[in-house]
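The values are calculated or read from the model by the stated rules, or taken from the named source; none is laboratory data. Keep in mind that this is a model prediction, so the values were computed, not measured. Note that we place each Cβ from the backbone using ideal geometry, even for glycine, and neighbour counts take in every protein chain shown. The accessibility values were calculated without ligands, DNA or RNA, using every heavy atom of the protein model including side chains. Shrake-Rupley method; radii C 1.70, N 1.55, O 1.52, S 1.80 Å.
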Amino acid sequence: MTFDRLVSSIQLVHDYLSAQAGKAVNIRLTIRNWIIGLYIAEFEMHGADRAGYGGKLLASLADELEKLNISACGKRQLYQYLRFYQMYPQIVRSLTAQLHDLFPDAITDIERKVRPTTALSGIDPQMLLQRLSYTH
């Protein structure tokens, strides 16, 4: 093996695995944002103190999350996460069993709630997670 070949091999490994790492991070962030949307939707439907927040829920939530230094959770982003969850409920079918442990207690059988007859039911949730970045 020549020195140039060594450098080239390391570059190939670096480029390939860096791209794979980027995809993995993107998938996890997409799942994170979807689950945040799920939490907000469940709170709005079942939260005991939801009346106290009213239309200020997302602003109040954004303020609290900012105090905790949780990134990318401004009011506008939280609204987008909620809409993302509402638009693609079928993503739940792609999540591993470990991630189901992160669901709110109010959801014990979330897959039952996903209506297979929606216009979006033809979208493969695994493809959605693997091929699109959340910013799409």
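Could you grab the pairs with beta carbons closer than 8 Å, sequence gap of 6+ or different chains, first residue in the range 1-30 and among the polar types (S, T, N, Q), second one open to solvent by less than 100 Å² (accessible area, probe 1.4 Å)?
Close Cβ pairs (under 8 Å, with a partner that is open to solvent by less than 100 Å² (accessible area, probe 1.4 Å)) amount to N26/S133; N26/Y134; T30/L129; T30/L132; T30/S133; T30/Y134.
In the range 38-74, what residues are closer than 21 Å to D101 by Cα and at pLDDT below 95?
Correct list: L38, Y39, I40, A41, E42, F43, E44, M45, H46, G47.
Counting only residues that are open to solvent by less than 60 Å² (accessible area, probe 1.4 Å) and within 18 Å of S71 (Cα to Cα), how many does the range 23-47 have?
The total comes to 11.
At pLDDT 90 or above, assigned to a helix (DSSP H, G or I) and aromatic (F, W, Y): is that true of Y79 in this structure?
Criteria met by Y79.
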